[in-house]
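The values are calculated or read from the model by the stated rules, or taken from the named source; none is laboratory data. Please read these numbers as outputs of a predicted model, since none were measured by experiment. Heads up, the Cβs are rebuilt from the backbone with ideal geometry, glycines too, and the neighbour counts pull from every protein chain shown.
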Amino acid sequence: MTTLNKKINNMKTAVEWLVEQITDGTIPAREAIQQAKEMEKEQIFDSFNAGYINSLERKYKTTEQYYDKTFKSEIKWRNIH
């Protein structure tokens, strides 16, 4: 896992992160889109690996539990004009 996408509690999805970056104007949109694509790829890999490990350990009973623990976010969506 790269420093771009460190695993932390309540990690943002790539889409949530992208919306935040574009809305706040933190970095140029093209750069944010590229980084979000990289994050999404990593998140897919991480999800696959977590699913495999979960199949051995039975940590989560449903995909909903995995999603809530990994990506649940309290982002309040703003109108983007």
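Residue check: is Glu31 at pLDDT 75 or above, outside any loop (DSSP other than H, G, I, E, B), among the acidic types (Asp, Glu) and surrounded by 12 or more Cβ atoms within 10 Å (Cβ to Cβ)?
no
Can you tell me which residue in segment 1-25 is modelled with the lowest pLDDT, limited to those that are β-branched (Val, Ile, Thr) and surrounded by 11 or more Cβ atoms within 10 Å (Cβ to Cβ)?
Here the answer is Thr13.
With the checklist (1) part of a loop (DSSP other than H, G, I, E, B); (2) modelled with pLDDT of 80 or more; (3) not aromatic (Phe, Trp, Tyr) in hand, flag the one item Lys61 doesn't pass.
Against the list (1) part of a loop (DSSP other than H, G, I, E, B); (2) modelled with pLDDT of 80 or more; (3) not aromatic (Phe, Trp, Tyr), Lys61 comes up short only on (2).
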